[in-house]
1. Condition test on S139, is it in contact (Cβ under 8 Å) with a residue 40 or more places away in the chain, over 19 Å from V19 (Cα atoms) and polar (S, T, N, Q)?
2. Could you grab me the full set of residues in region 96-130 that are farther than 22 Å from S26 by Cβ and out of contact with any Leu (no Cβ under 7 Å at 6 or more places or on another chain)?
3. Would you mention how many residues in region 41-81 are of a type outside the set (K, R), under 30 Å from V19 (Cα atoms) and either surrounded by 14 or more Cβ atoms within 10 Å (Cβ to Cβ) or touching a residue at least 60 places away in the same chain (Cβ under 8 Å) (or both)?
4. Considering region 82-104 alone, what residues qualify as being among the small types (G, A, S) and touching a residue at least 60 places away in the same chain (Cβ under 8 Å)?
5. Do any residues in region 5-29 that are over 16 Å from G144 (Cα atoms) and modelled with pLDDT under 95 have Cβ atoms under 6 Å from those of residues that are among the charged types (D, E, K, R) and in a helix (DSSP H, G or I), where the two are at least six apart or on different chains, and which pairs are they?
6. Suppose the filter is more than 30 Å from T50 (Cβ to Cβ) and of a type in the set (D, E, K, R); does K160 pass it?
7. Within region 27-42, track down each residue that is under 15 Å from H78 (Cα atoms) and not in a helix (DSSP H, G or I).
8. Given T38, T23, which one is β-branched (V, I, T), touching a helix residue (DSSP H, G or I) at 6+ places or on another chain (Cβ under 8 Å), under 19 Å from V134 (Cβ atoms) and exposed (fewer than 15 other Cβ atoms within 10 Å of the Cβ)?
Amino acid sequence: MTWPKINALRIVFALLALVCMITIFSFSGENSERSSETSGKVTETVVELTVKDYKEKTPQEQESIKDKFTFYVRKCAHFTLYMCLGFCVSMCVGRRRIWSLSSAAALFFCFLYAVSDELHQSFVPGRSCEFRDVMIDTSGALTGTLISFVMISIAGAFMKQRRTSHSPAAEPKQ
């Protein structure tokens, strides 16, 4: 059995994946009041940036607008955090085919972490375990994985072009 080559870049992405996992665990450990406060600040910022004349509206209108945005902001947070996790885990695995056992294992790892995250939330006061969130999380991880494939492909093409342009065969004969 041969072990895959482990390089510094893979270690960096493994550490970044760990940071993502700790961040997700930390957010999931917040009780409902604290979680609502955290997402409320983000929602307020998003609403102020996207809704024209938000500051001029009545407090009741502002609250109604924030209520409509809250769900989407929270689900986008799920998606984004898991997109980062999926990207980092995929980069840890390294170069491979998109339809491979390694790719499936990376995505399955993120799915299992999403399931464990939702189970963790079920033990936090005021929080719940939702299958919909597992699917949003997994979709984010899949997106991160696909982004990593694009980046790996671009880097591979760049490196190939660079090798070709620096090879003796590519130099003009005199």
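The values are calculated or read from the model by the stated rules, or taken from the named source; none is laboratory data. Note that the structure is predicted; figures quoted are calculated from it, not measured. Here the Cβ positions follow ideal geometry from the backbone for every residue, glycine too, while neighbour counts run over all protein chains shown.
1. Yes, satisfied.
2. Matches in region 96-130: R96, R97, I98, W99, S100, L101, S102, S103, A104, A105, A106, F108.
3. Of the residues in that region, 14 qualify.
4. G86, G94
5. S28/D117
6. It is true that K160 is more than 30 Å from T50 (Cβ to Cβ) and of a type in the set (D, E, K, R).
7. Across region 27-42, the qualifying residues are G29, E30.
8. Exactly one residue qualifies, and that residue is T23.
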